[in-house]
1. Excluding same-chain pairs closer than 8 in sequence, count the lysine pairs in segment 43-137 whose Cα atoms lie under 29 Å apart.
2. When the Cα atoms of segment 17-116 are enclosed in a convex hull and the volume is divided per residue, what value in Å³ results?
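Every read-out reported here was derived from the displayed coordinates using simple, explicitly stated rules and does not represent laboratory data. Keep in mind that what you see is a predicted model, and the values were worked out from it rather than measured.
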Amino acid sequence: MYAIATLVALALAAAQDVTPKANYHDDASLESALKTAVGKDPSRGKLGTIGKSFTGKPIWLVTLSEGDDRAKSAILVIAGANGTHLVGTEMALGHAESLLERAGADAKIGALLKEHAIYIVPRLDPDGAAFLSARRSASRLRTSAPSTTTAIAASTRTAPTTPTATASSR
């Protein structure tokens, strides 16, 4: 158990410079980013799927390993298990990118990938993420422009007046 915790800590520490981006990846940009990441080091990174979502979207799997991954102990990282877990997807993608970019130059990462396989599922629930993204976009549209009612109410306001003495009140 201690060895597994050490491996996970090493893998995460190796990618410590990972920070989430301001915008979350949609399905198409996530696929593109994953293909770009594994394309930078195809000897250590492979992209595949573990199945399809209810609506037919691919559930991506990034395999990080040097040599045959099936003969090694494994570390499994699952992110985006719920559609609201968008930051987890970004972190998983960032870790995969960082590990692949640095594996050739960092002896610790190279040793990690020689001895172990790291499997990363960056978005387990692509349908939920797409649903949340659509809701957030619709919400932005509703709140980005003032409503007609608000504009009319603002234009009909008048400056407050102070009561003045009239001839009849004297």
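1. Qualifying lysine pairs in segment 43-137: 7.
2. Dividing the Cα hull volume of segment 17-116 by its residue count gives 104 Å³.
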